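Visitor: Let me give you the structure first, and then I'll get to my questions.
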Amino acid sequence: MKSVLLIILFLTNILTYSQDIDSLSIYKFYKINDSISYGYKKPKVLDMVRYIPKDILEFAKFTIQKENLKWDGLVLGSTLATLPFDQQISDESNKLGAKIGGWDEISHYKRIAGVEFIPTTVSSSVFMIGNWNTILLLSGVFYTMGKFNDNDYRAINTSSELVEVIASVGVTTQIIKRITGREGPSVNTSSGGKWNPFPSFSAYQSRKTNYDAMPSGHLATFVATLTVIATNYPEYKWIKPVGYSLGGVLAFNMLSQKAHWASDYPLGVLIGYVIGKNIANRRIFKKAETLENIRQKTTYKTNFNFNKIGNMSVLGATLSF
């Protein structure tokens, strides 16, 4: 009986290994470095919207997990430390923007098919970096790259993830904006902007700038976009320094235009990074470059032992499911 168990165990191991190898065949792998490759499945159309509720829930869970309290504290601390200086920072940024030349003016765009899309100044070009239509255009670029490069699953997944970024970050920041109800610098009635928590739906819709400063949706969207791209393409070392530099320029641009307070930024950065990281990591299968390092999933436990049947020693195995 135990000999039969050994044969079954051997065949089960072979079958399990074969299934794992077969499961890898649905991925396309892209070498990141000498030790790891990233695998991607062919994305489904609904992937870009099906995880939106989960993205929001995962961000909420992140903020209450014990191991992440240090990040909550950093965001809260930097926000509280900046609040007393918001008005001064805003005024000085506005003056500097005027000296640079037009950076203190509200951005305007030319319309294409009813959508404001063509920036009219350098300042409006910078402000557009965090716009949803720019991220949508970038998504289209990745999709086109993927389709014309032998169905590059990594590029096509990145395209899908960027659409997900727009929706997930947008919903998350809108929820918090409607809770905080903070005045923007361009309409502030008191130093640093008045807080009007939980404004009515009609009031918010009719006078958004009176309530939608905290947090910065522009910066959150930009950070999430950068995080998605950098996570999917870690071998391109220039992405992060270039991206964060652009993010700094965007942050100053919004201050100089009186679109946001400086203290609106820390929470926006946290939202963007956490949601962007979750979105990207969900679709990546990380595979070691050697088969020996691939962990095989086992759904059973085995115990080996020696027993005697008469004068003969027999190797036995107990299989537990």
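Visitor: For the stretch 23-70, how many residues are modelled with pLDDT of 90 or more, among the hydrophobic types (A, V, I, L, M, F, W, C), surrounded by 14 or more Cβ atoms within 10 Å (Cβ to Cβ) and assigned to a helix (DSSP H, G or I)?
Guide: 4
Visitor: Let me ask something else. Looking at the stretch 148-155, can you tell me whether even one residue there is hydroxyl-bearing (Ser, Thr, Tyr), at negative phi and touching a strand residue (DSSP E or B) at 6+ places or on another chain (Cβ under 6 Å)? Break it down stepwise before answering.
Guide: Kept after step one, since they are hydroxyl-bearing (Ser, Thr, Tyr), are these residues of the stretch 148-155: 153.
Then drop every residue that is not at negative phi, which leaves 153.
This time we only want the ones that are touching a strand residue (DSSP E or B) at 6+ places or on another chain (Cβ under 6 Å), so: 153.
Within the stretch 148-155, one or more residues are hydroxyl-bearing (Ser, Thr, Tyr), at negative phi and touching a strand residue (DSSP E or B) at 6+ places or on another chain (Cβ under 6 Å).
Visitor: Being assigned to a helix (DSSP H, G or I), surrounded by fewer than 18 Cβ atoms within 10 Å (Cβ to Cβ), under 27 Å from the mean Cα position of the chain (by Cα) and modelled with pLDDT of 95 or more, is that true of even one residue in the stretch 255-268?
Guide: Kept after step one, since they are assigned to a helix (DSSP H, G or I), are these residues of the stretch 255-268: 255-256, 262-268.
Next, only the ones that are surrounded by fewer than 18 Cβ atoms within 10 Å (Cβ to Cβ) stay: none.
No, the stretch 255-268 has no match at all.
Visitor: Can you name the helices (runs of 4 or more DSSP H) wholly within the stretch 71-155 that have at least 2 residues being touching a Phe, Trp or Tyr at 6+ places or on another chain (Cβ under 8 Å) and at pLDDT 90 or above? It would help to see each step written out before you state the result.
Guide: Values: elements: 86-100, 122-127, 132-147.
It comes to 86-100.
Visitor: Inspect all residues belonging to the stretch 233-243 and state whether any of them is in contact with a His (Cβ under 7 Å, 6 or more places away or on another chain) and within 15 Å of Val126 (Cβ to Cβ).
Guide: Restricting attention to the stretch 233-243, the residues satisfying the condition of being in contact with a His (Cβ under 7 Å, 6 or more places away or on another chain) are none.
No; the residues of the stretch 233-243 include none that is in contact with a His (Cβ under 7 Å, 6 or more places away or on another chain) and within 15 Å of Val126 (Cβ to Cβ).
Visitor: To continue, here is another question. Within the stretch 188-211, which residues are part of a loop (DSSP other than H, G, I, E, B) and over 24 Å from Asn133 (Cβ atoms)?
Guide: Restricting attention to the stretch 188-211, the residues satisfying the condition of being part of a loop (DSSP other than H, G, I, E, B) are 188-194, 196-200, 207, 211.
Matches in the stretch 188-211: Asn188, Thr189, Ser190, Ser191, Gly192, Gly193, Lys194, Asn196, Pro197, Phe198, Pro199, Ser200.
Visitor: Is it fair to say Gly146 is touching a residue at least 12 places away in the same chain (Cβ under 8 Å), open to solvent by less than 40 Å² (accessible area, probe 1.4 Å) and closer than 30 Å to Ser190 by Cβ? Break it down stepwise before answering.
Guide: Working: touching a residue at least 12 places away in the same chain (Cβ under 8 Å): yes; open to solvent by less than 40 Å² (accessible area, probe 1.4 Å): yes; closer than 30 Å to Ser190 by Cβ: no.
In short, no.
Visitor: Next question. Could you tell me whether Ser160 is closer than 21 Å to Met128 by Cα, among the small types (Gly, Ala, Ser) and out of contact with any Ser or Thr (no Cβ under 7 Å at 6 or more places or on another chain)?
Guide: Details: closer than 21 Å to Met128 by Cα: yes; among the small types (Gly, Ala, Ser): yes; out of contact with any Ser or Thr (no Cβ under 7 Å at 6 or more places or on another chain): yes.
Answer is yes for this residue.
Visitor: Follow-up question, since we're still on this one. Can you tell me which residue is most open to solvent (accessible area, probe 1.4 Å) among those in the stretch 183-228 that are over 29 Å from the mean Cα position of the chain (by Cα) and of a type in the set (A, V, I, L, M, F, W, C)?
Guide: Val187
The values are calculated or read from the model by the stated rules, or taken from the named source; none is laboratory data. Note that this is a predicted model, so its numbers are computed, not measured. Note that each Cβ is placed from the backbone with ideal geometry, even for glycine, and that neighbours are counted across all protein chains shown. Note: areas computed on protein heavy atoms with side chains; ligands, DNA, RNA excluded. Shrake-Rupley method; radii C 1.70, N 1.55, O 1.52, S 1.80 Å.
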